[in-house]
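Engineer: My questions all concern the structure below.
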Amino acid sequence: MEWFKDYKVIVTVFFVVLYVISRFFATRIIKRRARKNQFEEKRTLYLLKLFHSINLLIITVLIVLTWDINLRILRDYLLGFLTIVGVAIFASWSILSNLTSSVILFFYYTYKVGSIIRIVDGTNSITGRILEITLFYIKLQTKDRNIISYPNNLAIQRPIIELKDWDSETGIPIR
């Protein structure tokens, strides 16, 4: 590992180039998938921000490790911050599961704004038109014009039926 310390600048430049290349390819893949499935731009931007943030975090950690920065001082501040964040995430663990679920919904479900879906949940099934898909929830408008926010982590656990159309007068889905 001695050669690694001698070439810190070269390794740092390599990591920066790796960051730019991985960011470029991630953007291309996500945008291509979004165009193919005609996803709204806002939904694509959410996912791009998430991937770019994770990419930046990984590259930053690699660069810090390359330069062998004294992590003792940084560690104390980081541990305090992570303790607060850990308590917040533990208190609301669904934040992380909703973020992960939004990525799964993006890549494996073709529903988009305007699609009419039924989320099958026993007697609590919900039918509505998708108004918005965010990082945390799917916003649906029911036949009664009520707005429902359904969490992404629950949406991937339930069967979802995409309905072709519904009668605007009666609100009954047409198969």
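Engineer: Of the residues Ile95, Ile30, Ile21, which is more than 22 Å from Asn152 (Cβ to Cβ) and not assigned by TED's automatic domain parsing to the domain that holds Pro159? Walk me through how you get there before you give the answer.
Structural biologist: Values: Ile95 fails: more than 22 Å from Asn152 (Cβ to Cβ); Ile30 fails: more than 22 Å from Asn152 (Cβ to Cβ).
Going through Ile95, Ile30, Ile21 in turn, the sole match is Ile21.
Engineer: Which one is modelled with the lowest pLDDT among residues in the stretch 139-155 that are surrounded by 12 or more Cβ atoms within 10 Å (Cβ to Cβ) and among the charged types (D, E, K, R)?
Structural biologist: Residue satisfying both the conditions and the ranking: Lys143.
Engineer: Just wondering, is there one or more residues in the stretch 1-17 that are modelled with pLDDT of 90 or more, under 25 Å from Tyr108 (Cβ atoms) and β-branched (Val, Ile, Thr)?
Structural biologist: No, every residue in the stretch 1-17 fails to be modelled with pLDDT of 90 or more, under 25 Å from Tyr108 (Cβ atoms) and β-branched (Val, Ile, Thr).
Engineer: Can you tell me which residue among Leu78, Leu57, Leu50 is in contact (Cβ under 8 Å) with a residue 40 or more places away in the chain, assigned to a helix (DSSP H, G or I) and not small (Gly, Ala, Ser)?
Structural biologist: Numbers: Leu78 fails: in contact (Cβ under 8 Å) with a residue 40 or more places away in the chain; Leu57 fails: in contact (Cβ under 8 Å) with a residue 40 or more places away in the chain.
One residue alone meets the criteria, Leu50.
Per-residue answers, yes or no, for (1) closer than 20 Å to Lys49 by Cα; (2) touching a His at 6+ places or on another chain (Cβ under 7 Å); (3) modelled with pLDDT under 85:
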| residue | (1), (2), (3) |
| --- | --- |
| Asn98 | yes, no, yes |
| Gly122 | no, no, no |
| Gly128 | no, no, no |
| Tyr137 | yes, no, no |
| Gln157 | no, no, no |
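The values are calculated or read from the model by the stated rules, or taken from the named source; none is laboratory data. In this text, all values refer to a predicted model and were calculated from it rather than measured experimentally. Using ideal geometry, Cβ is built from the backbone for each residue, glycine included, and neighbour counts are taken over all protein chains shown.
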